[in-house]
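Once you've had a glance at the structure underneath, I'll fire off some questions.
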Amino acid sequence: MARPTIADIAERAGVSKGAVSFALNGRPGVSEETRRRILAVADEMNWRPHRAARSLGNARAGAVGLILSRPARTLGLEPFFGQIVSGLQAGLAEDGTALQLLVVEDPEAEMSAYRSWTAERRVDGFLLLDPLIDDPRFAALEALEVPVMVLGGPLEDTSLSFTWADDSEAMHEAVDYLAALGHRHVVHVAGMPQFLHTKRRMDVLTEAKERHELAEVVSIPTDYSDSEGAVITRRVLSRRDRPTAIVYDSDVMAVAGLGVALEMGVRVPQDLSILSFDDSLLARLTHPSLTALTRDTQGWATEAARGLLRLIADPTLTVRHQSSTPVLVPRESTAPPAGH
């Protein structure tokens, strides 16, 4: 199929080619209603700017985009995102590049934003967080021919660049540690099940049950919120055969779970061990302090930003970078189970 042109868009939208050019380039000269109609038509026709035309125009936006499809309430609570944004800003500032952040409520809105921001030349590239299982965004972003750096991986069947830490190895270390302490009933309060890193962590738990001869290993997906972390913790601690250890996929959920345990009279770590992914200051300030898998999240994000700037400068590059694997830091929230 031939690439749609500005003339094609103008014909379908019933406007002049000049109006289409103004709308696609974010320039004044058309009403907001007309601009929205033109952009909608361009989106329907899967229009994207021709790379050669962009280079001839030296069209650098001086900004990159980060579009997040997550509940906004979880972003405001999670220290992980603050570290990510801080790290990205540090890396981009070295080149004087701005970060444009947009939070949307569903994947469809996220995909639409990628297309419209590219068509409007609002950004020079994208940072993509939380890769999904069979992620539809990869093919869509490849088709847009725009530089992309994915924070997560490793990824298969895509030409996109990515930087990643080994979540599987990190979860192995966590389960090995709990098993060595003597825990045989382990619950994993997981993140969103569609995320690739969540699936990898859950797969490790499933494999670990046989390897360590554990009596119970179960993963329960959540939306990462403190409220869901608390609800699930209360549910599993109300069982007669309650777990002796819980692994949380974020420290916000771990802190919420710790509060529930104390509320129910379940002593930590004497009756219940708690271990958290994402080791922020929050994990170290609680009492007892939380055993956690720690890594330099801010440094990881800074390297991702630098990698995207390299891709923008030379779109022929492909960057594949493995950052350091999260390291287990034992603290006061883990101990052998009672009677062990």
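The values are calculated or read from the model by the stated rules, or taken from the named source; none is laboratory data. Note that this is a predicted model, so its numbers are computed, not measured. Because the Cβ atoms are built from the backbone with ideal geometry, glycine has one as well, and the counts that use them run over all protein chains shown. Side chains included, ligands, DNA and RNA excluded: accessible areas come from the protein's heavy atoms. Shrake-Rupley method; radii C 1.70, N 1.55, O 1.52, S 1.80 Å.
Identify the single condition in (1) over 24 Å from Ala139 (Cβ atoms); (2) in contact (Cβ under 8 Å) with a residue 12 or more places away in the chain that Ala180 does not satisfy, given that it satisfies every other one.
Of (1) over 24 Å from Ala139 (Cβ atoms); (2) in contact (Cβ under 8 Å) with a residue 12 or more places away in the chain, only one is false for Ala180: (2).
Okay, moving on. I need the full set of residues from region 292-313 which are without any contact (Cβ under 8 Å) to a residue 60 or more places away in the chain and closer than 23 Å to Gly182 by Cα, in order please.
Of everything in region 292-313, those that are without any contact (Cβ under 8 Å) to a residue 60 or more places away in the chain and closer than 23 Å to Gly182 by Cα turn out to be Ala292, Thr294.
Another question, then. Are any residues in region 277-291 modelled with pLDDT under 95 and crowded, with 19+ Cβ neighbours inside 10 Å, and if so, which ones?
The answer is Phe277, Asp278, Asp279, Ser280, Leu282, Ala283, Thr286.
Hey, among the residues in region 200-213 that are of a type in the set (A, V, I, L, M, F, W, C) and in contact with a strand residue (DSSP E or B) (Cβ under 6 Å, 6 or more places away or on another chain), which one's least open to solvent (accessible area, probe 1.4 Å)?
Just the residues of region 200-213 that are of a type in the set (A, V, I, L, M, F, W, C), to begin with: 202, 204-205, 208.
Imposing the further condition that a residue be in contact with a strand residue (DSSP E or B) (Cβ under 6 Å, 6 or more places away or on another chain) reduces the set to 202, 205.
Values: Met202: 47, Leu205: 2 Å².
Looking at residues that are of a type in the set (A, V, I, L, M, F, W, C) and in contact with a strand residue (DSSP E or B) (Cβ under 6 Å, 6 or more places away or on another chain), I get Leu205.
Show the residue pairs that are 6+ apart or on different chains and have beta-carbon atoms under 8 Å apart, the first residue being within region 91-106 and free of Cβ contacts under 8 Å to residues at least 40 places away in the same chain, the second being outside any helix (DSSP H, G or I) and open to solvent by 60 Å² or more (accessible area, probe 1.4 Å).
Gln100/Arg122
Within region 131-162, how many residues are without any contact (Cβ under 8 Å) to a residue 40 or more places away in the chain, surrounded by fewer than 14 Cβ atoms within 10 Å (Cβ to Cβ) and assigned to a helix (DSSP H, G or I)?
Of the residues in that region, 3 qualify.
Sort through Leu68, Leu128, Leu75, Leu99 and tell me the only one that's in contact with a strand residue (DSSP E or B) (Cβ under 7 Å, 6 or more places away or on another chain), at pLDDT below 85 and either open to solvent by 30 Å² or more (accessible area, probe 1.4 Å) or not β-branched (Val, Ile, Thr) (or both). Walk me through it before giving the result.
On the way: Leu68 fails: at pLDDT below 85; Leu128 fails: at pLDDT below 85; Leu99 fails: at pLDDT below 85.
Being in contact with a strand residue (DSSP E or B) (Cβ under 7 Å, 6 or more places away or on another chain), at pLDDT below 85 and either open to solvent by 30 Å² or more (accessible area, probe 1.4 Å) or not β-branched (Val, Ile, Thr) (or both) holds for just one of Leu68, Leu128, Leu75, Leu99, which is Leu75.
Okay, moving on. Between residues in region 260-273 that are surrounded by 21 or more Cβ atoms within 10 Å (Cβ to Cβ) and residues that are part of a strand (DSSP E or B) and among the β-branched types (Val, Ile, Thr), which pairs lie under 6 Å by C-beta distance while being six or more apart or on different chains?
Going by the 6 Å Cβ cut-off, the qualifying pairs are Val268/Ile274.
Within region 208-242, how many residues turn out to be at pLDDT below 90, touching a Ser or Thr at 6+ places or on another chain (Cβ under 9 Å) and among the acidic types (Asp, Glu)?
1
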